[in-house]
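Contents: one structure, followed by commentary.
The values are calculated or read from the model by the stated rules, or taken from the named source; none is laboratory data. As the structure is a prediction and not an experimental result, all values here were calculated from the model. Here the Cβ positions follow ideal geometry from the backbone for every residue, glycine too, while neighbour counts run over all protein chains shown.
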Amino acid sequence: MLAPSSARAETADSLELFLALEPEPARIVLSTGFEVEGLREIFGFESLSSLDVGSGEPSGTPGLDPVDLENLELKDRETNFLGTLGLYARTSEAAPLEASIDVDAGLGEVRRSLSAETFLAGRGGGLAELSLRDLLLFDREEDGTTSAQNILYLYWKPRLGESGWRLRTRGALDVSRTDESDLEVRVSQADSVGTDTTQTISLGFLDYQKLSVRLEVARWDLVSTSVGLELGRKWVEGDGGGSYEAASLFANQGWFLRHGSLDLDAEVERRRYLGPSSVLESYWEADLRARWMGQGEPYRLDGNLSAEATRYDPGPAEDEALGLLEDDRVLLETDLILRRRLIAEEVLLGEDALLTGMDLGLGAAAELLRHRDGEGDGFSLGARLETSARGGGSRMPWWFECTAEAGQRRYRSQGGAEALTEGASFSFSQTDHAYLELTAMGGGDLPWGLRWDGYLSWDQEWHDEEGDDARLWSFSFGLTKRWFLLGPH
């Protein structure tokens, strides 16, 4: 079972700043369709648990019987088909309040899901600076396991006089529930062994309430500035393990220049875990990010640089497993992409041309990870290719984006366990390897009120030791029929 993700909530939070800038007529749209989603994963970890069969003695993880685990792998594969039903409605520009609701439901043999997003904002008077957003996520698995999450946001954004500065405040209440407190993970060993290893992982941390308050003062101009503070508290049900208090300071500085824009973001967070049952260590974390977005015809240069440092409080030394996961570390990431605009002639081609825009980017990406004790230290360097295209105009608009990256990852200490939670590699084994990462997504309109959207992700690792090879790919494709009950098509 997968917990409801807060990714959509974070996206909604960001988009809230840009939505509802222009009044629109009332609209009601009903949609029906289907979605196919699939997952395939193979993780090998021979270097972590293989044994020296010749001597009959373990060469890796202690406590295992002296048997041949050469082909030990974790495999999973699933394909789900869901029927979908959606409803979107919003008020007209003449309504005293701006309100919208977006509901999507999926029904399949393996999984049932429901997501609902509502938005309410004032159009004038004392309510003009207030808005409310609520996001509900619900999933029910084939075995009856259910999980639910509801996030309620309240925004208040008053102007601070005539100075151009604005106060942005946000209160958030996040409630998550699941009817499963434990998850059993079974790993089948080689056929010659004929036994299974079953491990139980506690999911009690999925039952919680989290409350946060965010205050930010910002000003937008050719030079934009913002600074703010966020305070949060999380209460975990049951024994309280995983409950914490958090506070963060953040700031942004942006410049709109002749040949591009430069953004600098900085944040410092303090998280303190509470209760004697918590096995997690409190920590300090600092983030610094710089982003350059170039402008120019037909070429432009984009670049990103980020640095993240984490410092854990001193904790019990007897738990070696947690020690590997809670080691002070520094992570540096950077990429530099040269982009070429291949097609950008909407006027000459016509706004309804099949292809009205296309970009191609080529560059490099690097990542450096360092720990205080050296366990899990790694470095990666890869070449990245990005492309995007759009077309169809106002009649049948469509878009497509694809990113491919191939490179090498090298580790100072082979076979570290840090990869389970941190580091460049997504596999269980941290051994030197070549990698390929591919993501593609797109969507668009079709005749007769049809709309399509799709996503594909493929990650492959080829390790120096073949038994550590890993592969993870997932996809989704949906087709919906829209019924325009009210408002423009």
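Only one of the listed residues (LEU85, LEU51, LEU74, LEU69) is modelled with pLDDT of 70 or more and surrounded by 15 or more Cβ atoms within 10 Å (Cβ to Cβ). That residue is LEU85. The lone criterion from (1) surrounded by 14 or more Cβ atoms within 10 Å (Cβ to Cβ); (2) modelled with pLDDT under 95 left unmet by SER115 is number (2).
Scanning the stretch 219-245 for residues that are assigned to a strand (DSSP E or B) and crowded, with 18+ Cβ neighbours inside 10 Å gives SER226, GLY228, GLU230, GLY232, LYS234, VAL236, TYR244.
For GLY376, the test of being at pLDDT below 90 and buried (at least 18 other Cβ atoms within 10 Å of the Cβ) is passed. The residue that is modelled with the lowest pLDDT, counting only those in the stretch 155-168 that are crowded, with 16+ Cβ neighbours inside 10 Å and assigned to a strand (DSSP E or B), is ARG166. Out of the residues in the stretch 144-160 that are under 25 Å from ASN80 (Cα atoms) and in contact (Cβ under 8 Å) with a residue 40 or more places away in the chain, state the one that is nearest to the chain's Cα centre (by Cα). Here the residue is GLN149. Answer yes if at least one residue in the stretch 250-258 is in a loop (DSSP other than H, G, I, E, B) and crowded, with 16+ Cβ neighbours inside 10 Å, and no otherwise. For the stretch 250-258, residues in a loop (DSSP other than H, G, I, E, B) and crowded, with 16+ Cβ neighbours inside 10 Å: absent.
If the condition is being within 16 Å of VAL36 (Cβ to Cβ), under 18 Å from the mean Cα position of the chain (by Cα) and of a type outside the set (Ser, Thr, Tyr), then the stretch 438-489 contributes ALA440, MET441, GLY442, GLY454, LEU456, TRP473, PHE475.
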